[in-house]
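What follows is a single structure, written as structure tokens, with notes after it.
The values are calculated or read from the model by the stated rules, or taken from the named source; none is laboratory data. None of these values were measured; they are calculated from a predicted model. Because the Cβ atoms are built from the backbone with ideal geometry, glycine has one as well, and the counts that use them run over all protein chains shown. Side chains are part of the model used for accessible areas, which takes the heavy atoms of the whole protein and leaves out ligands, DNA and RNA. Shrake-Rupley method; radii C 1.70, N 1.55, O 1.52, S 1.80 Å.
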Amino acid sequence: MARVLIADDKSENLYLLKAILEAEGYEVISARNGAEALGLIRTNLPDLIISDVLMPVMDGFTLCRECKKDTVLKAIPFLFYTATYTDPKDEEFALKLGAEKYIIKPQEPDDFLKIITESLRKKKAKPGKKPGDNKQDEAVVLKEYNEVLIRKIEEKMLQSERSEKELRQYSEKLEKEIIEHKKSEMSLFESQQLFKTLTEVTPVGIFRTNPKGETTYVNPKWCELSGLKPEEALGNGWIKALHPFDKVNVIRNWEKDIRFEGESNAEYRFLHENGDTVWVIGRAVPEIIGDKVVGYIGTITDITGRKKSEEALRGSEEKYRRIFENVQDVYYETTVDGIILEVSPSIVTLSRGAVGREDLIGKQMSDYYSYPDERNSFISMISDKGYVMDFEVSLAVSEGIIVPCSISSKLVYDKNGDPEKIVGSLRDITLRKEALNALRESEEMYRSIYDNSNIAILLTIPDGTILSVNDCACRLFGRTEEEICSLGRNSLVDLSDKRLDALLEQRRKTGKASGELTFIKNDGSTFQAEVSSVSFRDRHGNLKTSMTVRDLTEQHKAEADLIREKNKAEESDRLKTAFLHNISHEIRTPMNAIVGFSALLEDPSIDEATRASFIETIINSSNHLLSIITEIIEISNIEAGIIKLKKQNVEVDLLMHNLYDQFKPLASRNNIEFDMTFCPERDFIVFTDNTKLIQILSNLLSNAFKFTQNGKIRMGCRKTENELQFFVTDTGIGIAHDQLERIFDRFYQVEHLETRHFEGTGLGLSISKAYAELLGGRIKVISEIGKGSEFHLILPIERLPDIIPGRTQTDTELNFSRTVKILIAEDNINNFNLIKLLFKKTSIETLHAKNGEEAVNICKSEKNIDLVLMDLKMPEMDGYEATEIITKLYPQIPVIAQTAFITDREKALNCGCKDILNKPFSKAELFGMVAKYLKI
Ligand code: ADP
């Protein structure tokens, strides 16, 4: 391609020409003036030269001349391209200089190019013109050259002036335009700023996309809602912020909206990295410039709150639906007139399965009230107040099923304020009622315990103020409840009691405390009490304390008594042990005599007198043994409390004389002076137990003789107005003062060196004392060691004046007009023989049965038995069984039990025995019993 050099001092001309030529494929070399051009021409040898005329350093004419002068360069076509065309002579001058063409600006590019092409074609066809072909004179050329240049310069100056003027005008215009531009730029900036600020502060997310829907801009709010950074949102980056549940839908709809270039609306969620979900409503509209969619502008608005409340609403609706279906209470709706509109399914449970929801809808609510009163009250409450709260009714939900319910209802009004329906709930309060009744019962029970307790109960608050007390507390403190409660804190307690602080501390730590404390009564006296307190919270949560106070005065007294009793029992036990030792000796002594002398009797060689003395010894020893055993039985009977008095009229002088006679031989034997003083009138009679009286006085006399070696013993009786005072005095060993009380204790014997010299059981005085008391009297003793003793028996005088004095039972003889048959059931042959012997001189015939069975058989075989003496303890069949059979078969036969055991008595009487003979019994007792039942 051809190479073209362009010389022009104006760069815009250079740029324009260069652009046209290069577009056509020419290689272009450019120079800013003639001199630079000439240098480049020489080095590059272009195919064509285009030059301006007026240029600094070297003008175009000079350049042309220089080229045409050069033998190498002259062949290169030279074109002038100038705007300063002033005169045709200029073109003429240029052609003269050898230029191919003188082109005047502006020239159409196509025309310009045609000239270029033409010049190059011509160059190929013929070499370029040579300057000076016209053989013009150098001076003429110069002159012309100067003229042309001057013209050109003038023209140029004019042109410059014009241009300057135009330029000035243009620059003024430009300045105006710039100011205008600046202004619009400013307002644009301001509006941009405003837009920027708005987009930054707006509570709405804003985004902008290109026509393809790819994001080009997002505002901060958009980023906040989506959880993305602005750069992350660009393009399709925003998609990753979408909630997985919404992604597919949102993308599909967005693509569709873009395709149709329409508006886009959507509700969707963003899922943040931290798991938060943000609901938005999005809206985008196409941005149209001209009639072309250049993108979309859209907003997203946070609707999370709305969505949440919608969800909450849905949740709450669901929740209430579930409650409605599952709640135990029954929810119901009725019309204002009571027609049931809705009932929750729980009616099945409430009605014990009797009715379901469907059974009730459409029915009249009032029909289910058991009591018209309750129904009327409900209706009047709901119409008066518009609501009913926790009103108890009994509903007859079905035949025979009445459920106690608590009903709460209210009237619901429509938009116009008119009553629309009644809604409410029913609660089955069966359990509540039962619990309430149980509570009431238990309250009543505790109230009655509280009221009737014999322990004082106080209710206090922690500071010691008393709230209430029971009756027992009032009695204990000698004040009314009001008085006690108004006393103020801790007024009942003796605050100086050191145990108080410890008890309070104990209760503070553990909530309860117990111990002993000193309390103060109304009269100021104090007493010890056992106190036990427990703290509890009442139903309002207030701390209270219930305290029981048990007066220990009696208990302490009883304890002291008990200790005394215990000591006494221990002493008694000790005495009993001593007694057992003693008793074995006491029993053995007469037993030895009995056994020894009985054995001697077997010797056939002893004479009658010796035999008689042996027999006497045996009898005496037996009597002695019997008296010991009798004493033991007596004391047992006294202890068992089963001693019965047999009072009768007793001739006191006779009794005294008998006793005196009884002891007289003993006095003579022991060389003791023995006398008797007797004060009551002769034949003086008292109504008392003869046997017991004799026994007491015998005991006293026996002791007097036992403990008096020598000297004097006196017995006697004095009479006062109301009392008989028997006395026995001796001049014996006497009793120490400190022992005087104790000698009446059971088994007690004064210990002294000679003790074992005196026989005895230590029971005589305690028996005597007990008998004296049974007879309504007492025994007193005065004694001095070494000098003697004085025992007094004091008895009240009791008389039955209308009773004629007579002989005592001991003298009773049994004389019957016929032969009387008595069956003796007794396994011990000796006992049987004794009874047989006693009956010997009477008209009584005895029969013997060795056990119960024999007794029954004899009763059956011997038709006319008058009385049975029944031993209770027998082999084969005992006396109880035999008695039962006999009394059943022969109720007319009296059966008398004979026993040594007091425990048998009750049982014997229950089995049918008429009476009981205590073994060993005397002849008189035996005869008395027979006489009593065979009615002499
Ligand atoms: P016993 O005589 O069997 O020992 P008592 O109960 O009759 O039992 O008497 C208890 C004790 O009282 C006697 O052991 C004796 O020490 C004392 N005592 C009773 N009477 C007299 C008395 N008259 N003189 C001295 N001591 C007596």
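Miscellaneous remarks
- Between helix 608-640 and the chain: long-axis angle, C-alpha atoms, 0 to 90°, nearest 10: 30 degrees
- Projecting the Cα positions of PHE207, ASN522, ILE779 onto the charge dipole of the chain (unit charges on Cβ atoms of Lys, Arg, Asp and Glu, taken about the Cα centre) puts PHE207 furthest along the positive direction.
- Spin-label zone in region 437-476 - amide nitrogen under 17 Å from a point set 7 Å from the Cα of HIS540 along the C-beta vector: 459-468
- With R₀ set to 60 Å, the beta-carbon distance separating ASP384 from LYS229 gives a calculated FRET efficiency near 0.35.
- Between region 591-652 and region 423-469, the alpha-carbon center distance in angstrom: 73 Å
- Carbon/sulfur fraction of accessible area - region 360-415, other protein chains in place, 1.4 Å, %: 52 percent
- Helix 244-259 and the longest principal axis of the Cα set of the chain meet at an angle near 20°.
- Per residue, the solvent-accessible area of region 247-287 (1.4 Å probe, heavy atoms of protein chains only, all protein chains present) comes to 63 Å².
- For region 267-327 and region 670-740, distance of Cα centres in Å: 127 Å
- Charge dipole of the chain about the Cα centre (unit charges at C-beta), most positive-ward option of LEU814, SER448, ASN690: SER448
- Neighbourhood net charge (9 Å Cβ-Cβ; Lys/Arg +1, Asp/Glu -1) for GLN898: -1
- Note on the chain: Cα Rg divided by 2.2 N^0.38 Å, N the number of residues, gives 2.59.
- Ligands, DNA and RNA left out, the 1.4 Å accessible surface of region 552-681 is 58% carbon and sulfur atoms.
- Over the chain, relative contact order from alpha-carbon pairs under 8 Å, at least 6 apart, %: 4 percent
- Per residue accessible area in Å² of region 543-608, where ligands, DNA and RNA are left out and the probe is 1.4 Å: 67 Å²
- Counting DSSP beta bridges with both ends in the chain, the antiparallel % (nearest 5): 75 percent
- Folded to 0 to 90 degrees: helix 304-326 orientation relative to the chain principal axis, Cα: 30 degrees
- Entries in LYS566/LYS706; LYS68/LYS143; LYS863/LYS932 that, when Cα-Cα distance is taken, lie over 24 Å: LYS566/LYS706
- Between LYS509 and THR630, the FRET efficiency estimated from the beta carbon spacing at R0 = 45 angstrom works out to 0.10.
- Taking a ≥ b ≥ c as the square roots of the eigenvalues of the Cα gyration tensor, an a/c ratio of 1.5 or more together with a/b no larger than b/c marks region 612-674 as oblate.
- Separation of alpha-carbon centers, region 40-98 and region 475-554, rounded to whole Å: 141 Å
- CD proxy at 222 nm, helix term only [per DSSP H run n ≥ 4: -39500 (n - 2.57); per residue of the chain; nearest 500]: -15000 deg cm²/dmol
- Cα-projected label distance for LEU645 with ILE289, points at 7 Å along beta-carbon direction, nm: 14.5 nm
- Nonpolar atom fraction for region 1-80, defined as the carbon and sulfur part of the 1.4 Å probe accessible area, stands at 51 percent.
- Probing with 1.4 Å while keeping every protein chain in the model, the per residue accessible area of region 377-511 equals 61 Å².
- Separation in nanometres of the label points that stand 7 Å from Cα toward Cβ, at GLN107 and GLU185: 3.9 nm
- For the pair GLU358 and SER448, a Förster radius of 45 Å applied to the C-beta separation gives a FRET efficiency near 0.35, rounded to the nearest 0.05.
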